[in-house]
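Quick notes on the structure that follows.
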Amino acid sequence: MFKKILQSLSKSQQAKTQAPAPAPAPAAKGPAVVLDRVAKPAAEAATTAAPQTPEDLCEVNSKMPKDQIQARLKLLYRRFNRSASSLDPKIRDEADKMLNAIVLVREKYFGEL
């Protein structure tokens, strides 16, 4: 079993090393063009970072059957409850946010605890 895993990993690493390098971007003229290329990704990230509802975070909608919602919430709870005790503060914050969203969705669809 380990032999197959190692073979798979070595094949994937070989594919990465043998992949051709991407072509360099054409040279830009003037500082305004460089500034536009740098500023656009930051502006796009700001527009896509709109606050999401708890249903969006849990990927649940009102058209789903109750048993499917319950199974989805159970899966998410197991996943993020483990992450809540992580030493990495970024992972802990994300887990806390998701656990709060899970509770809100559960209360909405199944009543208060």
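Since every read-out is calculated from the coordinates, none of them should be taken as a lab result. All of these numbers come straight from a predicted model, not from anything done at the bench. Cβ atoms come from the backbone with ideal geometry, glycine included; neighbour counts cover every protein chain shown.
Strictly over 20 Å apart at the Cα level, which of 74/108; 74/97; 66/90 would you flag in this model?
Flagged as over cut-off: 66/90.
Tell me, what are the semi-axes, in whole angstrom and largest first, of the equivalent ellipsoid of segment 60-113 as set by the roots of 5 times the Cα gyration tensor eigenvalues? Kindly include the intermediate steps, with their values, before the conclusion.
On the way: eigenvalues 108, 22, 14 Å².
They are 23, 11, 8 Å, listed largest first.
To the nearest 0.05, how large is the calculated FRET efficiency for residue 83 and residue 112 if R₀ is 22 Å and r is the Cβ-Cβ distance?
Values: r = 25 Å, r/R0 = 1.15.
So, using R0 = 22 Å, E works out to roughly 0.30.
Quick one: which of 84-94, 54-64, 101-111 comes out on top by average Cβ neighbours within 10 Å, and what's the full order, highest first?
Numbers: 84-94: 11.4, 54-64: 14.3, 101-111: 15.8.
Top of the packing list down: 101-111, 54-64, 84-94.
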